[in-house]
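**Student:** Mind having a look at this structure? Questions to follow.
The values are calculated or read from the model by the stated rules, or taken from the named source; none is laboratory data. What you are looking at is a predicted structure, and each value in this text was computed from that prediction instead of being measured. All Cβ positions, glycine included, derive from the backbone under ideal geometry; neighbour counts span all protein chains shown. Accessible surface is based on the protein model in full, side chains and every heavy atom, while ligands, DNA and RNA are left aside. Shrake-Rupley method; radii C 1.70, N 1.55, O 1.52, S 1.80 Å.
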Amino acid sequence: MIDDFAKLIREKYGMAKARIIANSLFDLVDPYNRCVKHRNVDSSGKTFYALANGNFQEFMRRPIIKSNIVHYISQQGSSSYTGYLSLMLDSNSNTALKLLSIFDYITYEVEGGEEPEIFIRLNDPDKVRNIVMGNMFYSNSYVTKAKQKHDRDVAVLLKFFNELENDEERWDYIEDYFLGHDVLIDMEPVARKTVKMSKSVDKEHSYPTNMYKEWDDLKSFFDDSEHPILQKMNEFEIPIPEYLETTIKKSDEGRDILMSWPSKDTLICQQDTSNRTLEYFGRKGWHAYRIYEIDYENIKADMVKVSLD
């Protein structure tokens, strides 16, 4: 039945869109199959069904006619509408919005609620498949930065509740925090312990770049605003990194690393990487730079120095 319906509307919507409509429509309009009647079973055992068209048409019209949101939109007379939708008290609007959406009459977004929906459009399914299979690297700077902020907020609160011993320390901590000081920086100097970066990299969870030959090959992994930096690296004849998105064993600090040369103890981090994280790398004897604060001469020297050693 679904395949037959998709074939009927494919001329208007194209086969891909027709299949989406066909697979969604019957569950939306008649989730309990009240409009479906049994037809027959063929020799192969396959069962065919037919719709009671009058009932199905009424079931399809009902949520749209009774929807409060559709009523408000009609009264507004404008191309957009923003309002509160109670999914518990107005199930007709929930169904109506989905019906109108799959036929491209409207687009809508639900924020909050008990069952919020996220609509994802895949412009290139092959690229998504390659990412899932591990054949292509993907990172999202917004998600990465959101996680970094969350982790830092947790660390600030944990230090406040677990490490401060009296009210005086707590008030000083609060004052420093609201004055913009980095309250996570340890005040006492920490001993430097040199560790080879190549031994600290979790290779199974880091993205190797051995399949790429030129800096231009890496542009798709960076924002357009960062492409001039890659060009500058190329001009200084700095070799392409050995890894992107490098994970450090038994440490959360690696979440800031954009690219790294573990054999050279050198890495480049996100621009909003904290001083505390850079100091952590420094204590291990690694050369760490924020992406917009790169000293190209120093990085080139780092490469040569280690090679000579």
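**Student:** May I ask you to list pairs of residues, at least six apart or on different chains, whose Cβ atoms are under 9 Å apart, with the first in segment 1-21 being under 13 Å from residue 102 (Cβ atoms) and the second being buried (at least 17 other Cβ atoms within 10 Å of the Cβ) and of a type in the set (Lys, Arg)?
**Tutor:** Between residues of segment 1-21 that are under 13 Å from residue 102 (Cβ atoms) and residues that are buried (at least 17 other Cβ atoms within 10 Å of the Cβ) and of a type in the set (Lys, Arg), the close pairs are 6/19.
**Student:** Another question about this same structure. Can you spot a residue in segment 62-80 that is open to solvent by less than 80 Å² (accessible area, probe 1.4 Å), over 23 Å from residue 110 (Cβ atoms), part of a helix (DSSP H, G or I) and at pLDDT 65 or above?
**Tutor:** Within segment 62-80, not a single residue is open to solvent by less than 80 Å² (accessible area, probe 1.4 Å), over 23 Å from residue 110 (Cβ atoms), part of a helix (DSSP H, G or I) and at pLDDT 65 or above.
**Student:** Tell me, which residue of segment 267-309 that is open to solvent by 50 Å² or more (accessible area, probe 1.4 Å) and assigned to a loop (DSSP other than H, G, I, E, B) is modelled with the highest pLDDT?
**Tutor:** 295
**Student:** Here is a further query. Would you check if residue 195 is β-branched (Val, Ile, Thr), at pLDDT below 90 and over 25 Å from residue 266 (Cα atoms)? Please lay out each step first, then the result.
**Tutor:** Numbers: β-branched (Val, Ile, Thr): yes; at pLDDT below 90: yes; over 25 Å from residue 266 (Cα atoms): no.
Judged against the criteria, residue 195 is not a match.
**Student:** Follow-up question, since we're still on this one. Report whether or not residue 165 is surrounded by fewer than 10 Cβ atoms within 10 Å (Cβ to Cβ) and at pLDDT 80 or above. Break it down into steps so the answer makes sense when it comes.
**Tutor:** Details: surrounded by fewer than 10 Cβ atoms within 10 Å (Cβ to Cβ): yes; at pLDDT 80 or above: yes.
Considered against the rule, which asks whether it is surrounded by fewer than 10 Cβ atoms within 10 Å (Cβ to Cβ) and at pLDDT 80 or above, residue 165 comes out as yes.
**Student:** Would you confirm whether any residue within segment 219-242 is touching a Lys or Arg at 6+ places or on another chain (Cβ under 9 Å) and part of a strand (DSSP E or B)?
**Tutor:** no
**Student:** Here's a follow-up. Among the residues of segment 243-266, which ones are part of a loop (DSSP other than H, G, I, E, B) and of a type in the set (Lys, Arg)?
**Tutor:** To start, the set of residues in segment 243-266 that are part of a loop (DSSP other than H, G, I, E, B) comprises 245-247, 249-252, 265.
Correct list: 249, 250.
**Student:** In segment 195-221, which residues are without any contact (Cβ under 8 Å) to a residue 24 or more places away in the chain and within 20 Å of the chain's Cα centre (by Cα)?
**Tutor:** Passing the criteria: 219, 220.
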